[in-house]
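Here is the structure we will look at, set down as structure tokens.
The values are calculated or read from the model by the stated rules, or taken from the named source; none is laboratory data. Computed from a predicted model, the values in this text were never measured in an experiment. Cβ coordinates were reconstructed from backbone atoms using ideal geometry, including for glycine residues, and neighbour counts include every protein chain displayed. Heavy atoms of the whole protein, side chains included, go into the accessibility calculation; ligands, DNA and RNA do not. Shrake-Rupley method; radii C 1.70, N 1.55, O 1.52, S 1.80 Å.
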Protein chains: 2
Amino acid sequence: MSIKILSRDDIFTEAPEWRRPGASNYAAMYSSVFGGIVTDPALMVMPLDDHIINRGDGIFEYFDIVNGFVYNFEAHLARFERSAGLISLDLPFDMDTIRAITLETLAVSGAKDCGVRLFLSRGFGDFGCDPTTPKKSLFYVVVILKSFEIPPQTYTEGVTAITTHVPLKPDFYAQVKSTCYLLNALVDLEARRNNADYGIWYDHEGHLTESSTENVAIVSREGILKYPRFDHMLKGTTLLRAAELAKGLVAGGTLKGVSQTDITQQEVYDSTEMLILTSAFFVVPVVKYDGKAIGAGKPGPVFHQLAGLIQKDKTENREVLTPIPYP
Amino acid sequence: MSIKILSRDDIFTEAPEWRRPGASNYAAMYSSVFGGIVTDPALMVMPLDDHIINRGDGIFEYFDIVNGFVYNFEAHLARFERSAGLISLDLPFDMDTIRAITLETLAVSGAKDCGVRLFLSRGFGDFGCDPTTPKKSLFYVVVILKSFEIPPQTYTEGVTAITTHVPLKPDFYAQVKSTCYLLNALVDLEARRNNADYGIWYDHEGHLTESSTENVAIVSREGILKYPRFDHMLKGTTLLRAAELAKGLVAGGTLKGVSQTDITQQEVYDSTEMLILTSAFFVVPVVKYDGKAIGAGKPGPVFHQLAGLIQKDKTENREVLTPIPYP
């Protein structure tokens, strides 16, 4: 066979065939490799020898921009810093600079409603595994427009879930938000093959943990909003925010209490409501689980009221909204 | 702060400051994203939304080129295909084409003694986790010159190892050579901090498994070459080749036998020789483990004879040497 040898111009100038599906959603990228921001999606690339590619040796965060404000920014930055520390991954800048770079990349993008991913990698210079060979950690920010419309029936009719049989990830990943998500991806794959929207993991003692990239909570028959301990799953920023906001539903009488506790599969089956919580979709009601109806088989009152509280929080609560310095 | 907005020319034309340490060792890259081969290291990049970056959703192989021949190519290709199948990752080409692309990339590089990495990723188009969103799997080949000299004392004086305390990776990764190697990287980190060359993992029953990216074998007091079962570790191509070649040492009387079996830590401490086996360094003698001398505290007869057999195999055995079609 004869494979084309490509020049820079072949790749980046002459009608690049590889300009790719989805690329039009990428509004801006900061890269500490380049030392600046690019807005052409063709330039949103990473050196092949970055250890986040070869070894999954890096961490990430995702969070939402709502009406031109970063929602819950400080909680995500705190987890980012904590994840880095737990794998002895030096930050290339102090946290104030990381905060400022993120905000400026958002400002350059001009996007008012979008998502942001931060990546921190061990660096490049070889394809080895050793984190101690001479290299500098690297920081990337990418601003992603929300091209997808969440189907409205997601919230009005609810979604479905199944118990996954994919092996549990090591507890270590409950502390560190690394990019080693292959098992999580296989949870999604299994769910799709079973015509379900989410797959749900249990720990070795049979207690509820989480979904592939989402937290899970239930409303018990006694009216308690229950969510799992953080022994085997990541501290979800949206879950923690929702648990805080749900206290208002206790005061209002919709809930009897909010409790972080062990939850068995039977308790999930018997729950009156089952909720998916994520930084991408915030709160989604599960109405069918393992083929069985949850509660009345439709979105319940806790979902509706909690979704309202989160909506209010992410649009009105200035304590958790950081303004972006648009030009 | 004010971050530079960069154009394509800023990045790729005008004295790119980010041309990076190590890049001069990268002789050629094939990318199915570009649909061709590049030889400028600045162009050896991956789109940021490739799921192998965001989710570790991909696999890899590494193997050696010796005197212009690929060593043990078919064993590596077979494992590549098997890894892909186990995570339902479609190959973008049939295996004959993957073989041909690899050989042609090597031919273009002109390199006669080097290493090759193959990557297969789920593809790009979004930053999600779901492997089933519309996308095409992607194939990358990179040819890496051996800039590093292996210090000669590695083989003449031997290396050191410690027992690692990094959590064991899930058994799933014993079957699939995915890029989710963060725990492996932390094994290396722990070893370096303890002034050791390698960290050694044991399974939950206390049996020897492997090092961060290497297999381990011992010579027992009874003169048996022992290596662990494949329940908790990847089938190492070099280990399997070495176990085959070691049969010659049984015939010659240096070994009493070759056995794949459970090995306790005490057996490792009591061994007369301890060997590290990898596609990068082939066979390396460990002379000190957890601060204790192994055997006589210097490279032993099995190491010397096995290294000779492997050297002969990788330079003379045409059954496991694939010629590269250099121009």
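Worth pointing out:
- Filtered residues of the stretch B:123-146 (kept if more than 9 Å from chain A (Cβ to nearest Cβ) and within 21 Å of the chain's Cα centre (by Cα)): B:138, B:139, B:141, B:143, B:145, B:146
- Sole exception among (1) outside the structural domain of residue B:281 (by TED's automatic domain parsing); (2) out of contact with any strand residue (DSSP E or B) (no Cβ under 8 Å at 6 or more places or on another chain) for residue B:140, by number: (2)
- Residue list for the stretch B:217-255, restricted to those being within 23 Å of residue B:182 (Cα to Cα) and either in contact (Cβ under 8 Å) with a residue 40 or more places away in the chain or in the same structural domain as residue B:64 (by TED's automatic domain parsing) (or both): B:230, B:231, B:232, B:233, B:234, B:235, B:236, B:237, B:238
- Residues that are within 10 Å of chain B (Cβ to nearest Cβ) and of a type in the set (S, T, N, Q), drawn from the stretch A:102-122: A:105, A:121
- Scanning the stretch B:92-101 for residues that are within 11 Å of chain A (Cβ to nearest Cβ) and either under 16 Å from residue A:190 (Cα atoms) or open to solvent by 50 Å² or more (accessible area, probe 1.4 Å) (or both) turns up B:93, B:96, B:99.
- Odd one out for residue A:290, checked against (1) open to solvent by 50 Å² or more (accessible area, probe 1.4 Å); (2) farther than 28 Å from residue A:114 by Cα; (3) touching a residue at least 40 places away in the same chain (Cβ under 8 Å): (1)
- Subset of the stretch A:167-195 that is over 19 Å from residue B:126 (Cβ atoms) and of a type in the set (Phe, Trp, Tyr) - its residue that is nearest to the other protein chains (Cβ to nearest Cβ): A:172
- Here residue B:161 passes the criteria (1) facing chain A (nearest Cβ under 10 Å); (2) modelled with pLDDT of 95 or more; (3) touching a helix residue (DSSP H, G or I) at 6+ places or on another chain (Cβ under 8 Å) except the one numbered (1).
- Unique residue being surrounded by 22 or more Cβ atoms within 10 Å (Cβ to Cβ) and farther than 21 Å from residue B:130 by Cα when the list is A:218, A:310, A:276, A:224: A:218
- For the condition over 27 Å from residue B:73 (Cβ atoms), of a type outside the set (Lys, Arg) and either touching a His at 6+ places or on another chain (Cβ under 9 Å) or not assigned by TED's automatic domain parsing to the domain that holds residue B:59 (or both), residue B:258 does not qualify.
- Unique residue being over 19 Å from the mean Cα position of the chain (by Cα) and over 18 Å from residue B:183 (Cβ atoms) when the list is A:214, A:205, A:210: A:205
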